[in-house]
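Below is one structure, written out as structure tokens; the observations come after it.
The values are calculated or read from the model by the stated rules, or taken from the named source; none is laboratory data. All values derive from a computational prediction rather than experimental measurement. Note that we place each Cβ from the backbone using ideal geometry, even for glycine, and neighbour counts take in every protein chain shown.
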Number of protein chains: 4
Amino acid sequence: MNSKKLGIIGGDIRQYYLAQSLMKDGHTVMIYGININNDDIKKSNSLKEILDFANYIIFPVPTTRDEKNINTPLFDKNIPLNSKLKALLKNKIIFSFNTLSIAFFKKDVKSEQIKSFDYNTEKFKILNSLPTAEGAIKIATEESKKTIKNSKSLVVGYGRIGKILSKLLYDLNSNVTVSARKESDRTQANINGYNIINTPNKNSNLSGYNIIFNTVPNLIFTKDVLLKCSKNTLIIDLASAPGGVDKKEAENLGIKAIHALGLPGKYFPKTSGEIIKSTIYELIKEYNL
Amino acid sequence: MNSKKLGIIGGDIRQYYLAQSLMKDGHTVMIYGININNDDIKKSNSLKEILDFANYIIFPVPTTRDEKNINTPLFDKNIPLNSKLKALLKNKIIFSFNTLSIAFFKKDVKSEQIKSFDYNTEKFKILNSLPTAEGAIKIATEESKKTIKNSKSLVVGYGRIGKILSKLLYDLNSNVTVSARKESDRTQANINGYNIINTPNKNSNLSGYNIIFNTVPNLIFTKDVLLKCSKNTLIIDLASAPGGVDKKEAENLGIKAIHALGLPGKYFPKTSGEIIKSTIYELIKEYNL
Amino acid sequence: MNSKKLGIIGGDIRQYYLAQSLMKDGHTVMIYGININNDDIKKSNSLKEILDFANYIIFPVPTTRDEKNINTPLFDKNIPLNSKLKALLKNKIIFSFNTLSIAFFKKDVKSEQIKSFDYNTEKFKILNSLPTAEGAIKIATEESKKTIKNSKSLVVGYGRIGKILSKLLYDLNSNVTVSARKESDRTQANINGYNIINTPNKNSNLSGYNIIFNTVPNLIFTKDVLLKCSKNTLIIDLASAPGGVDKKEAENLGIKAIHALGLPGKYFPKTSGEIIKSTIYELIKEYNL
Amino acid sequence: MNSKKLGIIGGDIRQYYLAQSLMKDGHTVMIYGININNDDIKKSNSLKEILDFANYIIFPVPTTRDEKNINTPLFDKNIPLNSKLKALLKNKIIFSFNTLSIAFFKKDVKSEQIKSFDYNTEKFKILNSLPTAEGAIKIATEESKKTIKNSKSLVVGYGRIGKILSKLLYDLNSNVTVSARKESDRTQANINGYNIINTPNKNSNLSGYNIIFNTVPNLIFTKDVLLKCSKNTLIIDLASAPGGVDKKEAENLGIKAIHALGLPGKYFPKTSGEIIKSTIYELIKEYNL
């Protein structure tokens, strides 16, 4: 890839490592809206400066939380999604995250002056499932005070995260059971070597698992189902908010349930920066940007 | 499951092991149209006898090759798909294989007297992918005269067979590369630890692989692509007929290409019998038969 | 095993989990010299009380650090290795750790009244290598901010810890290289699937590894060898003090080197308690105690 | 390594592949006493011709079976270990196999004119354990007609072969149990993820294993022990003659026991040739030959 001029605006420490990684590949990079102590990457003093400089703009993960401002947890000012920003973004190639339903980022069809690409792609999600799984395992050992080896674990759901998580647990010598709604997913899990059960319900026997990882974004662990778990079970809920566990009931029953979100950015920010980079590279290649 | 009366008609040695396995589970079993020396399973002397006896009839894999007779490689007579057979099958529950497009096995809607279930299900296919993969590895070592360890292998396609085959090769310490058409499949393969490339084409560099497994049922290995392989490459084509390799061109170029079909039945007939059994059990459970 | 009366004296949180685990197996347990908030295990008010109660006494890991007092990091008083203690231990079966060279724990041959067994056995060491390896991996991801997947790791030494550590790294999809002094160890590592090199020396090329785990208790990483590493390399030194890395030189060169000791107790205290338990059970069985 | 002149005398098809592999590395090679149809490697017409040509002589695996002649299964003449051969070998560097106790190959101390190196080294044995394990698995599937997946296997002995065999079985998703005499070996096997038991004896319960691999060269499977196995158990005995199974008793009891020897050469002759090559290279390097 030719050397490019890239501007990174807003976001957390991942965006800083993204900048580092882009520079290592020979690109020129400027950052704005990320206040960290560093002297290796050029900081812009204003939106105008960075947008004068860069042809490619990378917004953070997620790009906005309130649909009004860019997500800038490491910045003391707001960067509003307003017409001034829109004007500055004219003719730029923009990479944003989870913005498909946000008006600001939609192509202005009449003028076609803003070219925005959402990098929350299938590729991004698959790549992200790995640090999510490694992070979930990390939490499990920290909370259980036990090694994965000799554990008896249940992975609820066999999608992107369920697949790689059950593989890593198995490779670390946990006795792994996978639950899935679909017969074909269960069969696939089975030929990979895992025990299989149906999705937990009030008739399941769950007392033997010392760690349960939930990856399904439905309320599976209701009071009825929690009553089937052992009090010593640790539940790590990886499903996006509101999650799959009735936390109040878990607490009442003395079962520890942890809602673990954003693990890649939290535990592996360098890897996260590299995942963003490789996803953006893929978009550049695919759309010939 | 309650003890049932099952009749197994036609097929190869797998059906005999299926019968054995069903008996071990407490069912009563009779076979017809499978001439092997055995004294543990009751052989029927006629179609009528077995159909008088059994409520559940299991036809072979595949049930017919010519749409005229049941597939009976181990029998010296024909069992025609005719009205006599149809009459005898009245009120029976029938398990047949790959018969969805064959008129004989379609439900007679008016009378609803024949209840036929095709056991070439997704579950069957997934379960079968494992012995296919183990069988492919077996052939690879026999033909290459080398261990899998230290081999450099390419698995073309990342469907059911591609997935489990690449896993087994990797676990046996081959240096595994997977090719897939879809970016998301390649990414998934990559997070499982395999190298990835695009589907082989005339611009690919394939000279480093000593074994190539093709699982894609399209003509991928044309002369142009074969020219990119080393002469020492062994190609094992697992795609259903006509396969994915131009065999004549391979021969001209001195590249060994083996079309390997029906591996589960050929190499692991007992496992195959058990796979048929568990698929049929699943159908019985699902449809409450 | 029959229910026994066990007294646990001194030590860290592992000894508390050891007590819990022994109780689950049906033994009666009392602790002394471990001040933690708990109400599930009976605390003794004095040495005399616990030694009146118990027939089996378990001292901590290590049993003493100064050869004068029992190691009691969670206690506000000293428990001296004096004649008073010796008198109280008369006729008890004692499990102590790393005490073979400490006069106090040697059998009083004349009277044979103290029976002391050192539980720092080969079995203990092997079992402990697993949490050491899981802990080392934990530190590596925390310090590198990256997943193990996609890392390039070097494991120096192929003893107990080197073996299980390289296996776990490999299973987590690191590109693993093992170094060992002995040709046969390297060959063994190689057939397990790892790359192999000689023990690092001033002529090695080490620049490609982003994590180096040292398990060898010799000064291998001198200035000369550190100069062969990349500045971005993270070194995790698992060798017992003084370790295998010249820390001062590493610091001068800007290479992060972490001396990581006591990982099982630090990160997996419950597993550690179980390892102590199963080692002690083995001694009870072996010596018919 | 500089190009060398090598002569390969006697042996089976492995020695031919050894010759091929040496040529690929740039050496000049001549063979004698291996009658196969080939036109890629120069055949010598006489002992004198090959010994005039080569400085390095490689004798086969094993070099002799009767201590009188070179082992030449693919040759219609004898090559006796006589004074004529000894004279021709003067000043040559000789690689022989399992000849340490054979007078002919011992250094003639007075003249020191014959330099013989036995390549049955520890390295050779470790490298050979891998094809032995892959071969054992191959036999197991052929004889059982079942996949390794879903099998329940017992590996008796945890030496070189036991270690790699249990690993491969585990990776192919067998439920693996390892037996070993030594507690520390069992513990090591256990942290690798295998079930463990004591060495089979008349009190063992062995009925649950469908495949038993013996690697221990002692008579372990006596009648008493065989009575503890299921009739459906398949025993694959990998121990060198006379093996570890009372074959007559096994036959009486209807238990299939296969004495499987020489698997690397039988199933993986190319890999075997490469193993010989790398062992000889190691000797050349170590002794600066």
Among the listed residues D:I148, D:I126, which satisfies the condition of being assigned to a loop (DSSP other than H, G, I, E, B), over 17 Å from D:A260 (Cα atoms) and hydrophobic (A, V, I, L, M, F, W, C)?
D:I148
Lone unmet requirement of (1) within 10 Å of chain A (Cβ to nearest Cβ); (2) surrounded by fewer than 21 Cβ atoms within 10 Å (Cβ to Cβ); (3) not acidic (D, E) for C:A133:
(2)
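Would you mind listing the helices (runs of 4 or more DSSP H) fully within the range A:1-90 where at least 2 residues are modelled with pLDDT of 95 or more and under 19 Å from the mean Cα position of the chain (by Cα)? I'd like the intermediate steps shown before the answer.
Details: elements: A:13-24, A:47-53, A:83-88.
So the answer is A:13-24.
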Run C:S116 past the list (1) without any contact (Cβ under 8 Å) to a residue 40 or more places away in the chain; (2) among the polar types (S, T, N, Q); (3) within 11 Å of chain A (Cβ to nearest Cβ) and report the number of the one that doesn't hold.
(3)
Quick one: how many residues across the range A:167-185 are closer than 18 Å to D:A189 by Cβ and more than 25 Å from the chain's Cα centre (by Cα)?
2
If you go through the range B:166-202, how many residues are part of a helix (DSSP H, G or I), more than 9 Å from every other protein chain (Cβ to nearest Cβ) and either of a type in the set (G, A, S) or buried (at least 24 other Cβ atoms within 10 Å of the Cβ) (or both)?
3
Within the range A:1-39, track down each residue that is away from every other protein chain (no Cβ under 14 Å) and of a type in the set (K, R).
A:K4, A:K5
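Residues are listed down the side, and each one gets a yes or a no for (1) surrounded by fewer than 19 Cβ atoms within 10 Å (Cβ to Cβ); (2) of a type in the set (A, V, I, L, M):
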| position | (1), (2) |
| --- | --- |
| B:L22 | no, yes |
| B:G33 | no, no |
| B:K42 | yes, no |
| B:S46 | yes, no |
| B:P62 | yes, no |
| B:R65 | yes, no |
| B:T72 | no, no |
| B:F97 | no, no |
| B:I102 | yes, yes |
Conditions: (1) surrounded by fewer than 22 Cβ atoms within 10 Å (Cβ to Cβ); (2) out of contact with any Pro (no Cβ under 9 Å at 6 or more places or on another chain). D:K228 meets all but one. Number of the miss?
(2)
Among the numbered conditions (1) surrounded by fewer than 20 Cβ atoms within 10 Å (Cβ to Cβ); (2) in contact with a helix residue (DSSP H, G or I) (Cβ under 9 Å, 6 or more places away or on another chain); (3) under 16 Å from A:L219 (Cβ atoms), tell me where A:I255 comes up short.
(1)
Test of understanding: among A:A250, A:A241, which residue is under 19 Å from the mean Cα position of the chain (by Cα), without any contact (Cβ under 8 Å) to a residue 60 or more places away in the chain and more than 14 Å from chain C (Cβ to nearest Cβ)?
A:A241
Please tell me if D:G159 is surrounded by fewer than 17 Cβ atoms within 10 Å (Cβ to Cβ) and within 14 Å of another protein chain (Cβ to nearest Cβ).
yes
Output the qualifying pairs, or none if there are none: Cβ atoms under 9 angstrom, residues six or more apart or on different chains, first residue in the range D:265-289 and free of Cβ contacts under 8 Å to residues at least 60 places away in the same chain, second residue part of a helix (DSSP H, G or I) and surrounded by fewer than 22 Cβ atoms within 10 Å (Cβ to Cβ).
D:E286/C:E183
Those residues of the range B:139-151 which are touching a Ser or Thr at 6+ places or on another chain (Cβ under 8 Å) and more than 8 Å from every other protein chain (Cβ to nearest Cβ), in sequence order
B:A140, B:S151
Flag for C:G265 being within 14 Å of chain A (Cβ to nearest Cβ) and within 11 Å of the chain's Cα centre (by Cα):
yes
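Report, by residue number, each residue of the range A:91-112 that is part of a loop (DSSP other than H, G, I, E, B) and modelled with pLDDT of 95 or more.
Initial filter on the range A:91-112 (part of a loop (DSSP other than H, G, I, E, B)): A:91-92, A:97-102, A:106-112.
A:F97, the sole residue that qualifies.
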Right, B:L154: within 14 Å of chain D (Cβ to nearest Cβ), crowded, with 16+ Cβ neighbours inside 10 Å, of a type outside the set (D, E, K, R) and not in a loop (DSSP other than H, G, I, E, B) or not?
no
From the set of residues in the range B:203-221 that are surrounded by fewer than 18 Cβ atoms within 10 Å (Cβ to Cβ) and in contact with a strand residue (DSSP E or B) (Cβ under 9 Å, 6 or more places away or on another chain), which is farthest from the other protein chains (Cβ to nearest Cβ)?
B:L219
